[in-house]
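Reviewing the structure listed below.
Every read-out reported here was derived from the displayed coordinates using simple, explicitly stated rules and does not represent laboratory data. Values in this document were obtained by computation on a predicted structure and should not be read as measured data. Using ideal geometry, Cβ is built from the backbone for each residue, glycine included, and neighbour counts are taken over all protein chains shown.
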Amino acid sequence: MATQEFYIREASENEARGPFNMEQLVSLAETGQVTVQTLWYDATVEDWAAIGASEQLKASIFPEKRKLRMKAKEAMRLTRHDVLAPITVEEMLAGAEGRTAETKDKVDPAIMQAHAARIGMWSAVACLVLFAAGEILPGADAIAAVDVNKLIDQPLVFLGGADLFIAVMLGLGVVTFYPIVRFRAALGLGLYGFVYFSQGMPMPMLAVGAAAVGLYFQTILIDMLPVVIVSALGVLGSAATAYFLLSA
């Protein structure tokens, strides 16, 4: 907790003060500027709580026996601007996300993972839309004519409809569809891979493989660099697969 940064405010205040490290909070407590009723922002629950409600934090700031007083240099360091300068909620969030000069090298890993997961989700949506385009467009005439017999002759139209439905659900944030997306990736690899293999077409096989691998891992990985790599792989593979389906 020693290296953690804290934002504090009194219950009667609307604006926060900080960030402070633990040593500064202890110094403020010694001068009476921080009490057990002072509120601190707990990033783990994204809410304000009284310092006295956390036994660990209370014990760190208000030890039962404290012989050392605030050093003169530290007192000089805590200027009126440091103590009273208000920050907005937007500035606090920007600091937590590493978008300020002081915190750009201290980005919360959980926030970065959330951004990576969101990139993976929208990349999966793009892959499924590309697949759907390659599967539905060749049967557009049959769909427009509502001709069941022609639709039966274009079975990929139904798979394209399923891909489009899954893409819409993911776009709405229904991540419980991720197992279905992984099944779709394996199905596409097996189905299209077999068709292109039997026809001796290596380039479409590679495109299908890249699309399937990218789509599968977009729903699993949460670290930024791997997510960017598999997202690019999946989108490019899906675009190439759609091209080959439309060119058939």
Quick one: dipole size for the range 126-196, taken about the Cα centre, charges +1 on Lys/Arg Cβ and -1 on Asp/Glu Cβ, in debye to the nearest 20. 280
Given the alpha-carbon gyration tensor of the range 109-247, what are the semi-axes of its equivalent ellipsoid in whole angstrom, ordered largest first, with each equal to the square root of 5 times an eigenvalue? 27, 18, 11
